[in-house]
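To start, the structure itself, in structure tokens.
The values are calculated or read from the model by the stated rules, or taken from the named source; none is laboratory data. All of these numbers come straight from a predicted model, not from anything done at the bench. Cβ placement follows ideal geometry from the backbone for every residue including glycine, while neighbour counts extend to all protein chains displayed. These accessible areas exclude ligands, DNA and RNA; they are computed on the full protein's heavy atoms, side chains included. Shrake-Rupley method; radii C 1.70, N 1.55, O 1.52, S 1.80 Å.
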Amino acid sequence: LAAIFVREGGELLTGLPVTGLVREGDGPDARVAGVVRMSPEGPLEVRARRGVVLAAGGFERDAGRRAARGVPGDAAWSMAPDGTNTGEAVDAAVALGAATPLLDEAWFCPGLAQPDGHASFTLGFRSGLMVDRTGRRYANECLPYDRFGREMAKAPERVPSWYLFDDREGGQLPAIAMPQGDPAEHLAAGTWVRADTLDALAAAIDVPAEVLAETVERFNKAAEAGHDDDFGRGRDAYDTFFAGGSGPNPALTALDRPPFFAARFVLSDLGTTGGLVTDAAARV
């Protein structure tokens, strides 16, 4: 799209954040006729002959706006790059009276906690199981990422969660994380822990050892039987798309090959979903 725009004579201006919208007229004849942008010389207006298209993302990287609107998660855990998507465009439209829906919503997803405080978008869990701070499972780990993210958001004890896996993939996370990061760096930072026994693993992640043992035992029995009576993991075709297990249910693989690992997971998002109400012609 950018290449077509430039080919047709358009000019791209970068490093010039929009700080407001220019309004012309009053009453039903009022229109947005441009934007105010910040430049090294100060605020400057850019006028539009026909209209202004706002394509600025949400406010997922602004902690204050998230908190004020009740969006779960944390700005540092969002997939938007640092310094982007901080909500100025939405606020500029609201200042002119624009209506907004869904400002407390986001495209949630499980996020693999990184040593630097960020998180990585993760999906496609092949084996292992997710537990909350009580040591219990709370959802089908193979759910589509947005649905699993919503399950995480339902209770405070689920953030952070711990994903338990064993050594069947040589200490690598049995999932698709972008990026995963270096396991050795994770272990050094404490975002992953490693232990030879489940009791030691429970102590390392500060969950009740008896509860964790019961959770793993129940999960392993489900893998042996081929059906997850608690959350139905493996019933849906999506559940088995990434799975590689060789048992009666390819989405269920017993956790039984020490050493054991636990990876810290937080509630991430691909962006906030709230924005401006428009009509069928995309007019605010």
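Laid out as a table, the results:
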item: Span from the segment 211-259 Cα centroid across to the segment 88-153 one, whole angstrom; result: 23 Å
item: Separation between Cα centres of segment 72-86 and segment 1-49, rounded to whole Å; result: 25 Å
item: Carbon and sulfur %, accessible surface of the chain computed with the full protein complex present, 1.4 Å; result: 53 percent
item: Accessible surface, per residue, of segment 218-284 when the full set of protein chains is kept, probe 1.4 Å, Å²; result: 51 Å²
item: Neighbourhood charge, 12 Å Cβ-Cβ cut-off, centred on D167 and excluding it, Lys, Arg +1 and Asp, Glu -1; result: -1
item: Positive-pole candidate from A195, A177, I205, dipole of segment 157-207, charges at beta carbon; result: A177
item: Integer Hz, Karplus 6.51/-1.76/1.60 couplings in order for segment 112-126, x for Gly and Pro; result: 6, 4, 10, x, 8, x, 7, 9, 10, 4, 9, 8, x, 5, 9
item: Hz values of 3J(HN,Hα) by residue in segment 76-90 - Karplus curve (6.51, -1.76, 1.60), Gly and Pro given as x; result: 5, 8, 6, 7, 5, x, 3, x, 10, 6, 10, x, 4, 5, 4
item: Prolate/oblate/rounded label for segment 106-254 (Cα gyration tensor, a/c 1.5); result: rounded
